[in-house]
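Visitor: Following this message is one structure expressed as structure tokens.
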């Protein structure tokens, strides 16, 4: 197991970060500047393709109960309006259009075991502090019979929050200085991308979302187990 990164406590974000679908179309809600504006339509199209390819592997029927962890202001509801979706986020979301709970998924969620058919977690776990990821994964798997977990690949050469080449491969001190040139409005220490091995240790086999020959993100999908 790799050593825990030397992270300070997240500032104002906590465990669930803003997922890619939380803010402006396609990029992170904290994104800013011309890089974000340029990347937004491309990211939105990529997200839609990824959803079409991987989400169907859950095999959910209309009306299935899904917990959207790190839902932001809309989240999965923008993509799957026929599902019964409950949102969870660290931040209050007064405009969320459905059942919503403000909670930290690395602690105890206020739901019974296997209460949901599936849990959905897109571009969130890279914001969870390293030492809390196992608890986060265990809690998601406690409350749902299946899961869809996606995270940007550490091996991809462009860091997807800052939109800077190789930013995520640098030591934290250098990364912070370089990070200021990019599109992210958050601290560099609040994001730590996962390798395939790290994600699979938490959620099982991962599938690759590719951009040409490169892996852009990893997706773990497990169809709901029988009741």
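Any read-out appearing in this document is the output of simple, stated calculations on the displayed coordinates, not a laboratory observation. Keep in mind that this is a model prediction, so the values were computed, not measured. As a convention, Cβ positions derive from the backbone with ideal geometry for all residues, glycine included, and neighbour counts pool all protein chains shown.
Visitor: If each residue's Cβ is checked for other Cβ atoms within 10 Å, how do 71, 220 rank with the fewest at the top?
Guide: With the fewest neighbours first, 71, 220 line up as 220, 71.
Visitor: Round to the nearest 0.05 the FRET efficiency obtained for residue 62 and residue 91 when R0 = 35 Å and r is the Cβ-Cβ distance.
Guide: Efficiency for this residue pair is about 0.75.
Visitor: Between residue 195 and residue 53, what is the spin-label point distance in nm, taking each point 7 Å from the Cα along the Cα→C-beta axis?
Guide: Going by the 7 Å Cα→Cβ label model, 2.3 nm.
Visitor: Could you line up 162, 73 from fewest to most neighbouring Cβ atoms inside 10 Å?
Guide: In order of increasing Cβ crowding within 10 Å: 73, 162.
Visitor: Still on this structure: How far is it, in nm, from the label point at residue 102 to the one at residue 82 when both lie 7 Å from their Cα along the line to the Cβ?
Guide: 3.4 nm
Visitor: Say each of residue 180 and residue 112 gets a label point 7 Å from the Cα, pointing the same way as Cα to Cβ; how far apart are those two points in nm?
Guide: It works out to 5.4 nm between the two label points.
Visitor: Let me ask you something else. Which of 69, 215 comes first, and how do the rest follow, when ranked by fewest Cβ neighbours within 10 Å?
Guide: Ascending Cβ contact count within 10 Å gives the list 215, 69.
Visitor: Using r as the Cβ-Cβ distance of residue 130 and residue 210, and R0 as 45 Å, what FRET efficiency do you calculate, to the nearest 0.05?
Guide: Rounded to the nearest 0.05, the efficiency is 0.95.
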